[in-house]
Structures are given as structure tokens and as C-alpha cells.
Amino acid sequence: MSAILRSNLPLPVVCILLLLVGAGSAGCLGLVQPAAVPPVIVPVDGATFDGETAYSFPFEQQNISIRVAVDPAVYAGAKQADKAIYLYEDFTKDEWLPLYYRAFVNDTHQRSFYADLLGELRAVRDREGLDDDRYLELLTAFVQTIPYRTDDRLIEPKFPIETFADGYGDCDDKSLLLAGILAREGYGTALLYFAEEQHMAVGVKASGCNFSGTGYAYLEVTNGSYIGLPPQELADGTEIVSEPLVIPVGAAGREYGRCGEIGAIQDALLASHARFTALGGTIATHATALQEMERQLASLRTEIDRLRAAGDISTHNARVSAYNGLVNEYNALCGEYTRMVEDSQVYADIHNYIVTHTHDRPGTYRFVQEHRSVLEGV
């Protein structure tokens, strides 16, 4: 797959507070302090936001456009929110991280935002007659094509309404947005938090694409990729080797059902890459051999010209015979070289088509089926 962009995903700010308990008269009821207080949006009255936010992104064989007007008060409240989590009891990291991230996804002030955004995406679904799998791919393609960008001034994630309105986000920002819309469309959804690699992705329930025993198919958000195919490495070469913390955000029953086709696409991707790599080594060897033969032919040609000028016909004719024999070997090897270069280009074209059409799983699967004989060497 193409390179995956990687964000620096530090742990959120955690404030651990001690409560002072004072004496009170018997029978008096005190306020009940919650065990944890995660971030929350407080709308800002009078805030302004110019116009609608528009996106255009490729999906299957066409370009999709959507437009949503963001509530200025909610957007400003999200921007100004205190994004630390306050703990009043002892929590392990695996206990408070789900509370923290689900607060961003599920803040109730974003209900209208989700409704308006999904209204636009459902209109595309209905117009194109998308089934559940293709609709999931539409939602994924939309979030994947939101520009990936980090903001060095921010260490906490953004609320989904921020990511949408800002027009960019990093791995946790985009994961929170995608998880939010998938969960609201009834897909079994989770956030996959990789502490060791400082990375976040999304998991979706699927038949046959179980990532690392999590029960979810891996879904990368930082760039275009197929559902169920995790990246071999992140942009800086880091491999995802740790077990993720799985944070469910949607328990509904819709599952992705195209893992069989994804498997065929992955097989074609690996096969085309392997054949291209293997041919590359042989092509390089042939190129070196051809260069050496060209040097020998040039040397023989110089000697032949000298012998003819000297009138040494017998030696001249022997060298001409050797020269012609080497020309025949050169031409045969050159023919092999040319065929291998052509075959290599075919495998490169197959590989590149798969990598650049992650937004079109049905079309890519048809393409792979059409090229099965080539990949299998038939």
C-alpha cells in the first residue's frame, strides 16, 4: 500500500484531583462528585462561522460533493473546550482512555452536526443505490480524503465537528470523526489505540477481516486504504506490532461483508509486488551483462578494423566470426531483457492501479479478476 502518514499521538492531559471532605450536620445531603469529568462542549452564544463547509472526494467511478453548515456556537464551544480529563478516583489508563475518547465522539451538542452530515451522505447512498458495504466504503472514503495535518500547538484531539469544519486533522482527529458517523449508521465500531506506536485507527465489525484478534477489521484513516488491510508500516517506517486498546463506540449489528474480495485484492497486491521485485533483480543482472557484452563488441570491432587495415585476413575472419557469435548472444539476451522490462511494467501497472483505487473496491476487484491469469503466470 501507499505510505501511511503518522501523527504524534501523545497521551491526553489527565488531571488527578483530591477531594477535601468537610464535616457536615447529620441528615444533610452533599453533592455527588462524578468519578471522572471528560471534555465537554459548552456552546458559545454569538459566535460566527462563515458559510458552509464543502468537500469533494472520489468514490468508485465518480466525484462526490457534500456541503454542511456548521453551528457556529457549537464549533466555537468545541474549539474553546477544556480537553483534559479530570479523575476523582483511581483509574487505570485502559479505564479512563475510553471515557476520554468517547466523550469527543458522543458529545450531545454535536447531534445536529452528525444529522446534517449524514443527511448529505445518505442522499448519495440513496441516489447511487448503495448497499451497506458500499455505503461503509463511501463514509470511509470521505474521511480518508480529509487532508491529514498536524497542529504543533495542539496535543489533545479535536471534536469531530472541529475536524470537519477545519478541513484537516491527524490520526486521532479523523478516527474520532469516522467512528462517530459509522456508529450512528449502525455499524459495529471501535477506536483502535496503539500506545506504543502513538497511532489511532478505526475498527469495524466484519466477516473475515479480524485484526489481531480484536473482532474488528482494521480501517486506516490517514490516507486512502482498503477496509481490512492494515498498513505494513507507518510513514516513518514504524511497524504496527503492539496490541491495540479497543474502545467500542458503536455496538449495533451492521458488519462489513466484502472481506473475501479484499483478500483477493491483497493477494494481487502482494503478487504483483513480488513479481516486480523478482524481475527487478534479474533485469539488473541482464543490464550489467549487456553492458559488458557491448564493451566486448566494441573492443572486437576495433581489433577487426585494425586487422583489416593490416591485411591479416585469416585473423580478421576469425575475429569477425567471434564478433558475429557475440552479436547473436547479445541480441538474444537483449530480447529477454526487453520482455522482462515489459512484464515488469505490467506488474507495476497492476500494483499501482490497486494502490491508487482504494476508493473503488468493486472496480478494483473486477480489475484484479481480469488480471488473474497474468498474476498467476498462466
*Run the accessible area of segment 36-107 with a 1.4 Å probe and give the carbon-and-sulfur part as a rounded percent.*
47
_Across segment 158-234, what fraction of all alpha-carbon pairs, as a whole percent, falls in each successive 10 Å bin from zero upward?_
20, 53, 25, 2
*Could you tell me which of rounded, prolate or oblate describes segment 161-296, using a ≥ b ≥ c as the square roots of the eigenvalues of the alpha-carbon gyration tensor, with rounded for a/c under 1.5 and, failing that, prolate when a/b is larger than b/c and oblate otherwise?*
prolate
*Collect residues whose amide H, placed 1.01 Å from N in the peptide plane, falls under 5 Å from the amide H of ALA69; neighbours closer than 5 in sequence don't count.*
THR53
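If you take the square roots of the eigenvalues of the alpha-carbon gyration tensor of segment 204-276 and sort them as a ≥ b ≥ c, do you get rounded (a/c under 1.5), prolate (a/b over b/c) or oblate? Spell out each step's value before the answer.
Working: a/c = 2.26, a/b = 1.32, b/c = 1.71.
In terms of gyration-tensor shape, oblate.
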_Selection from ALA123, PRO39, VAL327, by position along the positive dipole direction of the chain (Cβ)_ = VAL327
*In the chain, with Lys and Arg counted as +1 and Asp and Glu as -1 at Cβ, which of these residues, GLY377, PHE142, LEU192, has the Cα nearest the positive end of the dipole, that is, farthest along it?*
GLY377
*aspartates and glutamates within cross-link reach of LYS83: Cα-Cα under 12 Å, excluding same-chain residues under 8 positions apart?*
GLU156
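To the nearest 20 debye, what charge dipole does the chain have about its Cα centre, counting +1 at the Cβ of each Lys and Arg and -1 at the Cβ of each Asp and Glu? All intermediate terms of the calculation are to be shown ahead of the outcome.
Details: 29 positive and 51 negative charges, 96 e Å.
Here the chain has a charge dipole of around 460 debye.
Could you compute the FRET efficiency for THR315 and ASP343, with r as their C-beta to C-beta distance and R0 at 51 Å, rounded to 0.05? Numbers along the way, then the final one.
Details: r = 42 Å, r/R0 = 0.82.
In this case the efficiency is close to 0.75.
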_Per-residue HN-Hα couplings for segment 243-260 [Karplus 6.51, -1.76, 1.60; θ = phi - 60°; Hz; x = Gly/Pro]_ = 7, x, 7, 8, 10, x, 10, x, 9, 5, x, 5, 10, 7, x, 10, 5, x
*For the chain: relative contact order, % (alpha-carbon pairs under 8 angstrom, 6 or more apart)*: 17
*Taking the highest mean first, how do the peptides 96-102, 313-319 order by number of other beta carbon atoms within 10 angstrom per residue?*
96-102, 313-319
*With a sphere of radius 11 Å drawn around the Cβ of ALA264, what net charge do the other residues whose Cβ falls strictly inside it have (Lys, Arg +1; Asp, Glu -1)?*
+2
*List, in order, the whole-Hz ³J(HN,Hα) value for each residue of segment 68-79 obtained from phi through the Karplus relation with A = 6.51, B = -1.76, C = 1.60 and θ = phi - 60°; use x for Gly and Pro.*
9, 8, 8, 5, x, 5, 6, 4, 5, x, 5, 5
*asked:* Only sites in a loop by DSSP and with at most 16 other Cβ atoms within 10 Å count here; which GluC sites (Glu not before Pro) in segment 291-378 make the cut?
replied: GLU376
*Compute the relative contact order of segment 252-350 as a whole-number percentage, counting only Cα pairs closer than 8 Å that sit 6 or more residues apart in sequence.*
46
*Which of PRO231, GLY263, ALA183 sits closest to the plus end of the dipole of the chain, meaning its Cα is farthest towards the positive end, when Lys and Arg get +1 and Asp and Glu get -1 on the C-beta?*
GLY263
_Point-charge dipole on Cβ atoms (K/R +1, D/E -1) for segment 38-96, about Cα centre, debye to 20_ = 240
*Grab every C-alpha pair in the chain, bin the distances at 10 angstrom width from 0 up to the longest one, and report whole percents.*
5, 19, 24, 18, 11, 8, 6, 5, 3, 1, 0, 0, 0
*Give the long-range amide H neighbours of LEU234: residues separated by 5 or more places, or on another chain, with amide H under 5 Å away, using H modelled in the peptide plane at 1.01 Å from N.*
GLU239, ILE240
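What does the helix-only formula give at 222 nm for the chain: each DSSP H stretch with n ≥ 4 adding -39500 (n - 2.57), the total divided by the residues, and the result rounded to the nearest 500 deg cm²/dmol? Please list the in-between numbers first.
On the way: 10 runs with 185 residues, N = 378.
Computed mean residue ellipticity for the chain: -16500 deg cm²/dmol.
Give me the net charge of ASN63's neighbourhood, meaning all other residues with Cβ under 13 Å from the Cβ of ASN63; Lys, Arg count +1, Asp, Glu -1.
Numbers: positive: none; negative: GLU60, GLU128, ASP360.
Combined, the nearby Lys, Arg, Asp and Glu give -3.
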_Separation of alpha-carbon centers, segment 246-260 and segment 185-202, rounded to whole Å_ = 12
_Give the separation of the Cα centroids, segment 36-54 to segment 356-374, in Å._
42
*Can you list the HN-Hα couplings for segment 190-197, worked out from phi with the Karplus curve (6.51, -1.76, 1.60; θ = phi - 60°), rounded to whole Hz and with x for Gly and Pro?*
8, 8, 10, 9, 9, 5, 5, 8
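For segment 133-282, calculate the relative contact order in percent as a whole number, restricting contacts to Cα pairs under 8 Å that are 6 or more residues apart.
Numbers: 254 pairs, mean separation 35.5, N = 150.
About 24 percent, as a whole number.
What's the magnitude of the charge dipole for segment 221-378 around its Cα centre, counting Lys and Arg as +1 and Asp and Glu as -1 at the beta-carbon? Answer in Debye, nearest 20. Please list the in-between numbers first.
On the way: 12 positive and 20 negative charges, 75 e Å.
Magnitude of the dipole: close to 360 debye.
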*Search the structure for amide H atoms under 5 Å from the amide H of PHE59, placed 1.01 Å from N in the peptide plane, and list their residues when 5 or more places away or on another chain.*
ILE64
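The values are calculated or read from the model by the stated rules, or taken from the named source; none is laboratory data. The model shown is predicted, which means the values in this text are computed figures rather than measured ones. Positions of Cβ are backbone-derived with ideal geometry, glycine not excepted, and every protein chain shown enters the neighbour counts. Heads up: the accessible areas ignore ligands, DNA and RNA and are worked out on the full protein's heavy atoms, side chains in. Shrake-Rupley method; radii C 1.70, N 1.55, O 1.52, S 1.80 Å.
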